[in-house]
1. For the residue pair S44 and E100, what label-to-label distance in nm results when each label sits 7 Å from Cα along the Cα-to-beta-carbon direction?
2. Rg over Rh of the stretch 66-106, using C-alpha atoms and the Kirkwood radius, what does it come to?
3. May I ask for the Kirkwood hydrodynamic radius of the stretch 21-105, worked out over all distinct Cα pairs and given in angstroms to one decimal?
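Rule-based calculations on the coordinates, nothing more; no lab input. Model, not experiment: these values are computed from the prediction. Here the Cβ positions follow ideal geometry from the backbone for every residue, glycine too, while neighbour counts run over all protein chains shown.
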Amino acid sequence: MRMRVVALFVGLSLAALASPAAAEKGPVSHRISGCDWFLIDLPSGYALVEWYGGNDPDKGDEIVGDFDEYGFRNVYNITADQELRVWVDDFWLSKGSALEDLYEKCD
């Protein structure tokens, strides 16, 4: 019985490591002219990201990628059919917190 439990634990651990992160899709909801920071409205909440290259998205563009970890990410602008590089600064934010953070970054 103990061997079955150990084998099950090892199998589930390996499956979890092999699973890719779930990509999320949402529109650019807020963008301030002259500022590289913007918000993406995702099912899990708002993500605050900074543009670092590639396609420079506009408000309303649909973006898909992994936004549930901090750091650099290559994501995809479905609307423009192009890739862009962003820094994910924060995620799972409420609208109020996201807007406050965006205005602070763009001030």
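1. For S44 paired with E100, the spin-label model returns 2.2 nm.
2. 1.02
3. Its Kirkwood hydrodynamic radius stands at 12.3 Å.
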